[in-house]
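*Asks:* Have a look at this one.
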Amino acid sequence: MKKVVRLTESDLTRMVRRVLLETEKEVEEQKGIGTKIRKGIENVVQSNPVLIAQKLMDETKPSPGGKYCFTKEQYIDQIRGREIKSADAAREHIFLYRIQQGDTPGEFKRSAGYNKLCKYDAKNFRKGDVIMRSKLNELT
């Protein structure tokens with residue numbers, strides 16, 4: 001034999017409200033977990049030396065006919081060696097510079113951040129090429 005349960009309208013309203021609140025809490029908890037995971041992934045991606053190097057090389061490209069005076073692998077090694085964890089830090093410490101009209105090899109040899117990876121002679125030092133420089137000390 002089945003039991004009959006009588007509910008008033010207010011009882012039914014209260015039950016529906018309670019179910020909706022529980023559902024909202026569960027959704028909010030899941031969103032919080034998703035946000036934490038997403039932020040964790042973003043931190044890992046942003047601190048990856050390969051992605052940092054690629055981003056900065058995309059930002060500072062040689063002029064048409066120009067070239068990089070280093071390889072991507074050499075740039076990645078510099079970022080790893082200095083334990084740089086973000087593109088902003090790399091821009092600050094190991095930055096890329098496009099040679100401009102009037103720049104001379106001598107001024108770069110004498111300046112901070114002399115780069116042994118690049119040949120600073122008249123034949124290899126051309127407007128539009130991109131060189132790697134450092135504010136910290138010599139690059140090797």
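The values are calculated or read from the model by the stated rules, or taken from the named source; none is laboratory data. No experiment lies behind these values; they were computed from the predicted model shown. A quick note on method: Cβ atoms are made from the backbone with ideal geometry, for glycine too, and the neighbour counts reach across all protein chains shown.
*Asks:* Would it be correct to say that D77 is surrounded by 13 or more Cβ atoms within 10 Å (Cβ to Cβ) and among the acidic types (D, E)?
*Replies:* Spelling it out, D77 is indeed surrounded by 13 or more Cβ atoms within 10 Å (Cβ to Cβ) and among the acidic types (D, E).
*Asks:* Can you name the residue in segment 89-103 that is without any contact (Cβ under 8 Å) to a residue 40 or more places away in the chain and touching a Phe, Trp or Tyr at 6+ places or on another chain (Cβ under 8 Å) and is also farthest from Q46 (Cα to Cα) among such residues?
*Replies:* The qualifying residue farthest from Q46 (Cα to Cα) is D103.
*Asks:* Taking the conditions exactly as written (under 22 Å from K127 (Cα atoms), among the charged types (D, E, K, R) and free of Cβ contacts under 8 Å to residues at least 12 places away in the same chain), does D11 satisfy them or not?
*Replies:* So D11 fails the test.
*Asks:* Go through segment 30-50 and report how many residues are in contact (Cβ under 8 Å) with a residue 24 or more places away in the chain and out of contact with any Ser or Thr (no Cβ under 9 Å at 6 or more places or on another chain).
*Replies:* Matching residues across segment 30-50 total 2.
*Asks:* Still on this model: Which one of A53, A90 is at pLDDT 85 or above and not in a loop (DSSP other than H, G, I, E, B)?
*Replies:* On inspection, the qualifying residue turns out to be A53.
*Asks:* Follow-up. Pull up segment 45-80, narrow it to residues that are among the aromatic types (F, W, Y) and touching a helix residue (DSSP H, G or I) at 6+ places or on another chain (Cβ under 8 Å), then point me to the one that is nearest to D129 (Cα to Cα).
*Replies:* In this case the residue turns out to be Y68.
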